Amino acid sequence: MNFLSYDPKVITSIRIFFIFIGSVVAWGQVNYDLLLKNGHVIDGKNKISAIRDVAIKDGKVAAVAANIPASQALKTVDVTGLYVTPGLVDIHAHVYTGTGERGSYAGDLSIYPDGFTLRNGITTVADAGGAGWRNFEDFKDRVIDRSRTRVLSFINIVGNGMRGGQYEQNLDDMDAKPTAEMALKHKGLIIGVKTAHFAGPEWKPYEQAVLAGKTANIPVMVDFGTRRLERPLYDLLTKYLRPGDIYTHMYSGLRIEQGEDGGPSKAMIEGRKRGIIFDVGHGGGSFVWTVAVPLMKAGFVPDSISTDIHVSSMNAGMKDMLNIMDKFLAMGMSLDDVIIKSTWNPAKEIKREDLGNLSVGSTADIAVLRLEKGKFGFVDMNSARMDGSQKLLCELTLRDGKVVYDLNGITRELWNKLPKNYDKQGDPRWDGFAPSSRTQRKKSDH
Ligand SMILES: [Zn+2]
């Protein structure tokens, strides 16, 4: 007698029985560490804008689906009425601080990221040129390796980085070779080359930056410095930069970004046709309504939204990432578009496609945002206001699947529902504030 002689009907029934048993077992199992339930997921990469549950396991996105049972997760958080998005990616920030240098973006003008990122839904920042090849490893030691925020770097083409005029105008310190070598040594961490603040008539900073970018296979981000007739924006965007290179401060109006009709200049139009990327880089002096509104009206929208956060911009009109995103809502951009330009687009621009999305298997860097309705005001670099009716608030931020910010304690139990002598709450599998498992073990040893 052989296997084939069995009645196929019996075999089918046995198979169905085991599938049934299997699903019962799976249903009762705790498969996930954390479940965000009933939120409106906006994930540009996966073209999702709908109510979905997001399940996390071991710091990764494990499932995005409708109706994942709460019984399958160690911890479930109800995020009804909130937006669940990838952790925001701010590709223009200044975070090389701690050196004690005055008046320097490799010093006092920069900020420690964790104080300003996680509470704003940002999980990744790219420092825009604070460090060059001479001081990148100091930056890495002081800030990158010590931050909970994921900190990446556009390395400055100036070897000394953004330390002020005497360094940043020194053509002799702009050298593609050691810049590219440092970038290749720290692949994935140095994600681009920056040139900024140059006042001279020469093209050398841009040529060297592009050369370094070519060698290390990373994009160049340009702050086009002082406007000089010898080096017009048109030439930069149509000849010097490569498709995929990034023009930041796109709404400053300081370098003929705007044409005579109020819309984008010919340089901007031709640049976009060639595949140049346009980034906001708001900062203290690079966003004015008289440029942003007509360019937006003409359809010249940003590829990515970024802050250019530093000690002065953050208390003036810029404030923070969400405030800039609000400005685009106020100018009529849809929330889905605002989110994609603050997550997936910047991640793609810096070739970190592992970030800025909620694909299954990707790092669970997540922001949970509330869209408030009311009367709000938004201020540009010249201290002029535009009114708006929507404001984004960050309710919850996850980094690697762990709660690192929770504005209203939505992941927490009510104090008077807990045992009277309650101790530190949370579980290290989902909570970035929980005592580590080692500490717990020690405690239980007592
Ligand atoms: Zn900047």
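The values are calculated or read from the model by the stated rules, or taken from the named source; none is laboratory data. Keep in mind the model is a prediction, meaning the values are calculated, not measured. Methodologically, a virtual Cβ is constructed for each residue, glycine included, from the backbone with ideal geometry; neighbour enumeration extends over all protein chains shown.
Tabulated values for the structure
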read-out: Cβ-Cβ under 6 Å pairs, at least 6 apart or on other chains, segment 217-230 side in contact (Cβ under 8 Å) with a residue 24 or more places away in the chain and acidic (Asp, Glu), far side away from the ligand (no atom under 16 Å from the Cβ) and not in a strand (DSSP E or B); value: Glu230/Pro201
read-out: Filter result for Asp245 (in contact (Cβ under 8 Å) with a residue 40 or more places away in the chain, acidic (Asp, Glu), closer than 18 Å to Ala128 by Cα and surrounded by 16 or more Cβ atoms within 10 Å (Cβ to Cβ)); value: no
read-out: From Leu152, Leu118, Leu184, Leu109, residue being out of contact with any strand residue (DSSP E or B) (no Cβ under 6 Å at 6 or more places or on another chain), among the hydrophobic types (A, V, I, L, M, F, W, C) and either more than 14 Å from the ligand (Cβ to nearest atom) or without any contact (Cβ under 8 Å) to a residue 40 or more places away in the chain (or both); value: Leu184
read-out: Hits in segment 161-193 (condition: over 26 Å from the mean Cα position of the chain (by Cα), surrounded by fewer than 23 Cβ atoms within 10 Å (Cβ to Cβ) and on the phi < 0 side of the Ramachandran plot); value: Gly165, Gln166, Tyr167, Gln169, Asn170, Leu171, Asp172, Asp173, Asp175, Ala176, Lys177, Pro178
read-out: Selection within segment 158-181 - within 16 Å of the ligand (Cβ to nearest atom) and of a type in the set (Gly, Ala, Ser); value: Gly161, Gly164, Gly165
read-out: The lone exception for Val291 - which of (1) within 16 Å of the ligand (Cβ to nearest atom); (2) touching a residue at least 40 places away in the same chain (Cβ under 8 Å); (3) not in a loop (DSSP other than H, G, I, E, B) it fails; value: (1)
read-out: Every pair of residues 6+ apart whose Cβ atoms lie under 6 Å, when the first sits in segment 302-317 and is more than 9 Å from the ligand (Cβ to nearest atom) while the second is at pLDDT 95 or above and of a type in the set (Phe, Trp, Tyr); value: Pro302/Phe278; Asp303/Phe278
read-out: Strands (runs of 3 or more DSSP E) fully within segment 20-127 counting 1 or more residues that are of a type in the set (Ser, Thr, Tyr) and farther than 20 Å from Asn323 by Cα; value: 32-43, 48-57, 73-78
read-out: Asp43 being surrounded by fewer than 24 Cβ atoms within 10 Å (Cβ to Cβ) and among the acidic types (Asp, Glu); value: no
read-out: Residues of segment 198-224 satisfying the condition of being crowded, with 20+ Cβ neighbours inside 10 Å, within 17 Å of Gly159 (Cα to Cα) and out of contact with any His (no Cβ under 8 Å at 6 or more places or on another chain); value: Phe198, Pro205, Tyr206, Gln208, Ala209, Val210, Ala212, Gly213, Ala216, Val220, Val222
read-out: Total residues in segment 256-273, condition farther than 18 Å from Ile246 by Cβ and assigned to a helix (DSSP H, G or I); value: 1
read-out: Positions within segment 127-142 being in contact with a helix residue (DSSP H, G or I) (Cβ under 8 Å, 6 or more places away or on another chain), within 16 Å of the ligand (Cβ to nearest atom) and not acidic (Asp, Glu), in sequence order; value: Gly130, Ala131, Gly132
read-out: Answer residue from segment 274-287, given it is assigned to a loop (DSSP other than H, G, I, E, B) and within 16 Å of the ligand (Cβ to nearest atom) and is surrounded by the most Cβ atoms within 10 Å (Cβ to Cβ) among those; value: His282
read-out: Yes/no for Ser304 being modelled with pLDDT of 95 or more and farther than 29 Å from Val95 by Cα; value: no
read-out: Matching residues in segment 138-160 - criterion: being more than 26 Å from Gly87 (Cβ to Cβ) and surrounded by fewer than 19 Cβ atoms within 10 Å (Cβ to Cβ); value: Asp138
